[in-house]
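Novice: I have a structure I would like to understand better, so I am pasting it below and will then ask my questions one at a time.
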Amino acid sequence: MLIEFEKEYMDKYWKLQRAQWYNYFEDENYNLSEIDADIYDTVKLFNKEIELIDRKSKIASLLIKKDLVDKNPLVSEVRNRIDNFDNYSDNISDDIKADRYQYKLALSYKMKDDVKKLMKARNDLSKQMEFDSYPELVLITEEIDLVNLVHSLNEFLESNLPKAKEIIKKYNIKWETWFSDLSRIGVTKNQYDPIELVDQLLKTFGFDEIKEKIQISFMEKGYAGCAAELSPNDIRIVIEPINSLDNLRTLFHEMGHAILYSLNKEEGIYKILPPSQDEAMAVVIEYIATMLLNFNETDREKIFEIITLEYTRCAISSLYEFDLWQNPEQAEELYIKHYSKLGIKINNPSMWASDTFRSIDSVYVHNYVIGAMLAEKVFTYLKSRNSCDYKEWGDWLIDKIYKDGRKRSFKEKIKVLGDFI
Ligand SMILES: [Zn+2]
């Protein structure tokens, strides 16, 4: 039964990976809800049929539980509608569309009801399955402890907030222009060749042989960067043309995903990584690459300023989100309460609804913060063990984290570095 499930599930999993990619980056128009419905049929069929006897059957049952909610036609229909901004952009003038902040604000007003509807559907379905809430379902199916996680998020925020506030002041960063302000921190004028940096990164760890599996395209598609595995050994990255240190940071981040996908030797459902491991390990490479590659010192410091800002924002975003799931009717007040911690003026709290981490990828943003916490621990640990033999670092990453995908839980894999998830 498990073998049948695995085969059927993987076929549909890859199909969805490809359809999503082609819709985002190749202007295709695959019907994602149809593929979701197909996956839903599979998990419904095998739910209760899988006997819990070993690690693999446990993972199968966790995937099934999550998809019984996320691929439920009610959820999938609203989620996929929100995933395409064209569904909300009628009657928004070109002037407004030209201003990123104003455009997102205009979308927020139009999306808000759908976002609330999606939250409610996910929560109701999770409760029907005897979880306390949707966030609990997500974290249990990821094998992460909610209490431990929230504690770590608060700790991270407490230690990084003072630094973040200083950087915000130093560069006069505003909430309305956050992302363009980050690009402003370090503009690059062709002094770094991204492909050379990628080669250097792979060479440093002794990962040269995976280079041919990874295809990188530089294009403006409205995304800072994105990486995906479309089928085994077909790994792609799309990233904005490199004009800033923030773009370079994003390149290392996407390479972090790509390395993780290429060095995962598993097949079948162990190949599918929990989002926590996937996202956190991307942040780890982003951090280590910035430490190890050839940058001038000022640029390196600036990239770390951007890293501090981004992951402090993510920590606030995730704590806001956990609060929001408990008090959805206070979305606007809570938005101001949480984000004001950055020490900047937060106008237009209605903005909350257009944040994709509240809808398309909800209960996800904490994974970046897990990565930021882990990055420092991995760096310190490897430095103390292997000093500057970076090939040994690469071997450690392969052996302890990459090669066996989801065969062991992420928590188990990083246990040697602390118990924070
Ligand atoms: Zn990522």
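The values are calculated or read from the model by the stated rules, or taken from the named source; none is laboratory data. Please read all numbers here as calculations on a predicted model, not as lab measurements. Here the Cβ is made from the backbone with ideal geometry for all residues, glycine too, and neighbour counts use every protein chain on show.
Novice: Return only the number of the condition from (1) assigned by TED's automatic domain parsing to the domain that holds T298; (2) farther than 29 Å from A60 by Cα that S152 does not satisfy.
Specialist: (2)
Novice: Another question, if that's okay. All but one of (1) within 14 Å of the ligand (Cβ to nearest atom); (2) farther than 28 Å from L137 by Cα; (3) in contact with a Leu (Cβ under 9 Å, 6 or more places away or on another chain) hold for Y261; state the number of the condition that does not hold.
Specialist: Answer for Y261: the failing condition is (2).
Novice: On to the next question. Hey, among S276, S244, S231, S217, which residue is in contact with a Ser or Thr (Cβ under 7 Å, 6 or more places away or on another chain) and among the hydroxyl-bearing types (S, T, Y)? Break it down stepwise before answering.
Specialist: Details: S276 fails: in contact with a Ser or Thr (Cβ under 7 Å, 6 or more places away or on another chain); S231 fails: in contact with a Ser or Thr (Cβ under 7 Å, 6 or more places away or on another chain); S217 fails: in contact with a Ser or Thr (Cβ under 7 Å, 6 or more places away or on another chain).
Exactly one of S276, S244, S231, S217 is in contact with a Ser or Thr (Cβ under 7 Å, 6 or more places away or on another chain) and among the hydroxyl-bearing types (S, T, Y), namely S244.
Novice: Might you let me know whether the stretch 336-345 holds any residue that is closer than 17 Å to K112 by Cα and not charged (D, E, K, R)?
Specialist: Narrowing the stretch 336-345 to residues closer than 17 Å to K112 by Cα: 336.
Of the ones still in play, those that are also not charged (D, E, K, R) are 336.
Yes; the residues of the stretch 336-345 include at least one that is closer than 17 Å to K112 by Cα and not charged (D, E, K, R).
Novice: Let me ask something else about it. For A19, state whether it is over 30 Å from K174 (Cα atoms) and surrounded by 18 or more Cβ atoms within 10 Å (Cβ to Cβ). Walk me through how you get there before you give the answer.
Specialist: Details: over 30 Å from K174 (Cα atoms): yes; surrounded by 18 or more Cβ atoms within 10 Å (Cβ to Cβ): yes.
Yes.
Novice: Moving on to the next point. For the stretch 215-228, which residues satisfy the criterion of being of a type outside the set (G, A, S), at pLDDT 95 or above and more than 13 Å from the ligand (Cβ to nearest atom)? Reasoning before the result, please.
Specialist: Initial filter on the stretch 215-228 (of a type outside the set (G, A, S)): 215-216, 218-221, 223, 226.
If we keep only those that are at pLDDT 95 or above as well, we get 215-216, 218, 226.
Correct list: Q215, I216, F218.
Novice: Just to be sure I understand the filter: pairs with C-beta atoms under 6 Å, separated by 6 or more residues or on different chains, first member in the stretch 64-85 and of a type in the set (S, T, N, Q), second member part of a helix (DSSP H, G or I). Which pairs pass?
Specialist: N72/L125; S76/S33; S76/D36; N80/L32; N80/S33
Novice: What number goes with the only condition from (1) within 23 Å of E143 (Cβ to Cβ); (2) in contact with a Phe, Trp or Tyr (Cβ under 8 Å, 6 or more places away or on another chain); (3) without any contact (Cβ under 8 Å) to a residue 24 or more places away in the chain that I53 does not pass?
Specialist: (2)
Novice: Please find, within the stretch 264-283, the residue that is farthest from the ligand (Cβ to nearest atom) out of those that are among the β-branched types (V, I, T) and farther than 22 Å from S217 by Cα. Let's see the steps before the verdict.
Specialist: Initially, the stretch 264-283 is screened for residues among the β-branched types (V, I, T), giving 269, 272, 283.
Then drop every residue that is not farther than 22 Å from S217 by Cα, which leaves 269, 272.
Values: I269: 21, I272: 16 Å.
Checking each candidate, the answer is I269.
Novice: Mind listing just one residue for me: the one in the stretch 240-266 that is more than 17 Å from K413 (Cβ to Cβ) and without any contact (Cβ under 8 Å) to a residue 40 or more places away in the chain and, of those, surrounded by the fewest Cβ atoms within 10 Å (Cβ to Cβ)? Walk me through how you get there before you give the answer.
Specialist: Kept after step one, since they are more than 17 Å from K413 (Cβ to Cβ), are these residues of the stretch 240-266: 240-255, 258, 262.
Those still in the list that are without any contact (Cβ under 8 Å) to a residue 40 or more places away in the chain too: 240-241, 250, 253-254.
Values: E240: 19, P241: 10, T250: 23, H253: 27, E254: 25.
In this case the residue turns out to be P241.
Novice: Still on this structure: Any chance you could count how many residues in the stretch 327-355 are touching a residue at least 60 places away in the same chain (Cβ under 8 Å) and either polar (S, T, N, Q) or under 21 Å from F156 (Cβ atoms) (or both)?
Specialist: Residues flagged as touching a residue at least 60 places away in the same chain (Cβ under 8 Å) and either polar (S, T, N, Q) or under 21 Å from F156 (Cβ atoms) (or both) within the stretch 327-355 amount to 10.
Novice: Let me ask something else about it. Among the residues of the stretch 231-252, which ones are more than 16 Å from the ligand (Cβ to nearest atom) and closer than 24 Å to L16 by Cα? Don't jump to the end; show me each part of the working.
Specialist: Filtering the stretch 231-252 for residues more than 16 Å from the ligand (Cβ to nearest atom) gives 231-234, 241-245.
If the condition is that a residue be more than 16 Å from the ligand (Cβ to nearest atom) and closer than 24 Å to L16 by Cα, then S231, P232, N233, D234 are the ones that fit.
Novice: Please enumerate the residues belonging to the stretch 296-324 that are crowded, with 20+ Cβ neighbours inside 10 Å and of a type in the set (A, V, I, L, M, F, W, C).
Specialist: I303, I306, I307, L309, C314, A315, I316, L319, L324
Novice: Residue check: is Y101 under 22 Å from the mean Cα position of the chain (by Cα), part of a helix (DSSP H, G or I) and more than 30 Å from L273 (Cβ to Cβ)? Walk me through it before giving the result.
Specialist: Details: under 22 Å from the mean Cα position of the chain (by Cα): yes; part of a helix (DSSP H, G or I): yes; more than 30 Å from L273 (Cβ to Cβ): yes.
Answer is yes for this residue.
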